[in-house]
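Asks: Have a look at this one before I ask anything.
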Amino acid sequence: MPEVLVKPEEQQLIQEKFEELLKLVKLKEDQDEPNIRMAFEIAVNAHAPQRRKSGEPYILHPIEVARICADEIGLGPTAVIAALLHDTVEDTEVTLDRIETLFGTKIAKIVDGLTKLDGLYNVPSVQAENFKKVLRTLVEDVRVVLIKMADRLHNMRTLGSMPRNKQLKIAAETSYIYAPLAHRLGLYSFKTEFQDLCMKITDRETYSEIAKKLAATKRDRNRYIEEFIGPVKEQLNDLGFAYEIYGRPKSIFSIWNKIKKKKVQFEEIYDLFAVRIVLDVEDPRMEKNYCWQVYSTVTDIYRPIPERLKDWVTTPKSNGYESLHTTVIGPDGRFVEVQIRSRRMDEIAEKGFAAHWKYKGNTPQPDVYEHWLDNVRELMDQNEGGDAVEFLSDFKTNLFQEEVYVFTPNGDMKVLPKGATALDFAFSVHSDVGYHATAIKVNNKLVPMGTKLHNGDQIVVTTSSKQMPNESWMKMVVTGKARSKIRSALKEKRRKQGEFGKESLERKCKNLRVDFDEPVDLLVKYLGLKSRVDLYYGIAMGTINLQVLKNFKVEGNKLVEIQEEEIIQPVPKPVEINRPRKASQDGRPRLLINGQEASDLDYSLATCCNPVKGDDIFAYVTSTKGMRIHRTTCPNAEHMMANYGYRIHKAEWVSSANTSFVAELLITGVDSGPGVIERLTHNISSELGLNIRSLSISGDEGYFEGRLKVLVLNKDQLHLTMQHIQKLEGVSSVIRVD
Ligand code: MN
């Protein structure tokens, strides 16, 4: 045992932090304070030998997580106790039994939900399995997921001391799951902070560029907000109730999204802020009335844009969000968004509906939340024992979206996720209706089965017992229920078709005099397949050639893989096999992977994001094609890192090699007569001396859009090229394609 684990000055800091936390908790019963103190004592002792990556005592983490729960989400003593204990069972000697004895079943259950699953080494995605576990507890107690959010937020805020590849992995998981989940739970400030923190890690440059520009324009913006607010205040003072009015800057992430989506420059974005008016209303029945009164006052001064009016006061969003939004034309003709809401609505918007729901007694609409939880339960039931990665992606498409309301021929209402199709509807009625759907009518018109539904649609499904799902159906549905039903029907079909393949493999094994079972699994692994069914199916369809067995030798009654040097005759390998190449591939850029020269490794640049020297990159180990190098901003990065974090490795460029990279640019502009292509090609190849891979231009009515693939040496050269093109006559924007 080390003699001093925590230094005296640290001890004092820990005590101070804890007392601060205690002041923030809204105590309800006499036992609350002694219980919180007991939880603190247990956690302090249990974590005493541990330190965080930053070097500070570990216990500061659970204290801070508990503070976020109390202060930023508004949770009570139960959650605070569970948050203080959340890492004890996983990382220390403390057992769940002990927690249950001391604090009761409820807290033990929550802590259990927050404890990661152990011994999950043979499942494809540990992260997805763990998340599934969190969700299973979520449907029992929402606090599990809220504490998990607080835990994640604190980890994200202190990510700086982690190694880069860990940072990327955690950021990806956060933007893949936690940010959308925060949105769905109505934790808007969490969502915004998650997104900004993630962007800061994956796209450092752009983040700091926008942050700098925001800071530089702050004075002007504040002056404008004052000018806008002035006349509004004058009028509101006459209404006779207390209120607050202020400008709120938009998040860096949302500004960046706007720049990308609208293909504009930072300087062209005017709505970098929104004006918020928060009303203090005593009587909840008057809230709506007052909000509309304020709306009327604001729009008397500034002209509103009718299409931009959003009334979530009359019909709150399904995550509980209530607010009245409008966009008006402010001074200098600039568009300004105005958000009007009561103090209560503002609290829900900031801290989430969850905090108000169930634990704070009477709430206006408990059913929106219940309904969502019902959907989570249903989705979990369907996936019982199934693939966690599939579950996660179904979960994303189904539960993070808003809903559409549609009707059966009898006028019964069905709620489906936004984007759901006519075929999804058929499956939601009954799985048999889905399986056998032949024709679907929406509002009395025959439509393709993949047609997206809209609010108020009425749907009639015709069935035939001869109809069965086929592969293309997967593309026509989005709901978890339909997907899992079609998936299992297809699996069954594949299994049947694979019978023939199984038989011929059995025959082959018999001839070689080897046992049947073992070689099957060996081949599945060797070929990088997912299951036996895939192997049988491949053999039956001819995509897998049984010649592959020549890579094995028979020892006893078992198959053994022949090492490469032992193979005397080259064997034609089936298309699906692609084993690592030992020889170095010429022309590849030089890289360090995990700090080591990578020339001996089998790696290549990903074609989805075309990394260029100087880009932030990482290496991803594919199941059959060696390592792929992706940009950290690659659109696929998030998915890979969130689901397969253990396959991610750190990668860096080695300076010196003279290799070229393909970069893709999207160029838009006004087409001032013919010859745009000539002008672009001349400039790029003659003036800049670069090689063009491809260039295609389309456009009409004087506007053009061009896609250019060009070979560059590094990121600096790419930037220079972009600047150069930007200055050409007629060009309005140049964007690198992700
Ligand atoms: Mn933790």
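Values in this text are rule-based calculations from the coordinates and carry no lab data. Please read all numbers here as calculations on a predicted model, not as lab measurements. Methodologically, a virtual Cβ is constructed for each residue, glycine included, from the backbone with ideal geometry; neighbour enumeration extends over all protein chains shown.
Asks: Could you tell me how far the Cα centroid of the stretch 424-441 sits from the Cα centroid of the stretch 599-626, in Å?
Replies: If we compute the Cα centre of each part, the gap is 43 Å.
Asks: Shape verdict for the stretch 10-89, please, from the Cα gyration tensor: rounded (a/c under 1.5), prolate (a/b greater than b/c) or oblate.
Replies: Prolate.
Asks: When only C-alpha pairs under 8 Å and at least 6 residues apart count, what is the relative contact order of the chain, in percent? If you can, show how the numbers build up before the last one.
Replies: Details: 1117 pairs, mean separation 61.8, N = 738.
In percent, rounded to a whole number, it is 8.
Asks: Hey, another quick one. For a quick check: with amide H placed at 1.01 Å from N, whose amide H comes under 5 Å from A274's, ignoring anything fewer than 5 positions away on the same chain?
Replies: R248, K250
Asks: Can you tell me what share of the DSSP beta bridges in the chain is antiparallel? A percent to the nearest 5 is fine.
Replies: DSSP beta bridges in the chain are roughly 90 percent antiparallel.
Asks: Could you pull out every one of the lysines with an alpha carbon less than 30 Å from that of K510, ignoring same-chain neighbours closer than 8 positions?
Replies: Once the sequence-local lysines are set aside, what remains near K510 is K491, K493, K496, K502, K525, K530, K550, K553, K558, K573.
Asks: What list of ³J(HN,Hα) values in whole Hz, one per residue of the stretch 602-611 in order, does the Karplus curve 6.51 cos²θ - 1.76 cosθ + 1.60 (θ = phi - 60°) give from phi, with Gly and Pro shown as x?
Replies: 8, 9, 8, 7, 5, 8, 6, 10, 6, x
Asks: Also: Each residue of the stretch 297-311 in order: what ³J(HN,Hα) in whole Hz does its phi give by Karplus 6.51 cos²θ - 1.76 cosθ + 1.60, θ = phi - 60°, with x for Gly and Pro?
Replies: 5, 4, 7, 6, 8, 10, 6, x, 9, x, 5, 8, 6, 10, 9
Asks: Which one of N237, C634, F40 has its Cα pushed farthest toward the positive end of the charge dipole of the chain, where Lys and Arg give +1 and Asp and Glu give -1 at the Cβ?
Replies: C634
Asks: Among the aspartates and glutamates, which have Cα under 12 Å from the Cα of K445 when same-chain residues fewer than 8 positions away are ignored?
Replies: Counting by Cα, and skipping residues close in sequence, K445 has these aspartates and glutamates nearby: D457.
Asks: Any of K169/K625; K26/K116; K53/K132; K258/K418; K258/K310; K132/K260 with alpha carbons more than 25 Å apart? Name them for me.
Replies: Too far apart for the 25 Å limit: K26/K116; K53/K132; K132/K260.
Asks: Which of rounded, prolate or oblate describes the stretch 669-738 when judged by the alpha-carbon gyration tensor and an a/c cut-off of 1.5? Can you show the working numbers first?
Replies: On the way: a/c = 1.78, a/b = 1.63, b/c = 1.09.
It comes out prolate by the Cα gyration axes.
Asks: What shape does the chain take by its C-alpha gyration tensor, where a ≥ b ≥ c are the square roots of the eigenvalues and a/c under 1.5 counts as rounded, a/b above b/c as prolate, and the rest as oblate?
Replies: The shape class here is rounded.
Asks: Determine ³J(HN,Hα), in whole Hz, for all residues of the stretch 502-507 in sequence, where each value follows from phi through the Karplus function 6.51 cos²θ - 1.76 cosθ + 1.60 and θ = phi - 60°; x replaces Gly and Pro.
Replies: So the Karplus estimates, Gly and Pro as x, are 4, 4, 5, 5, 4, 4 Hz.
Asks: Let me ask you something else. If we count every other residue with Cβ under 14 angstrom of A439's Cβ, Lys/Arg +1 and Asp/Glu -1, where does the sum land?
Replies: Combined, the nearby Lys, Arg, Asp and Glu give +3.
Asks: Right, next: Please list, in chain and number order, the residues 5+ apart from G352 or on another chain whose amide H is under 5 Å from its amide H, with Hs placed from the backbone.
Replies: Y188
Asks: What percent does the relative contact order of the stretch 600-738 come to when contacts are Cα pairs within less than 8 Å and at least six residues apart?
Replies: Rounded, it is 27 percent for the stretch 600-738.
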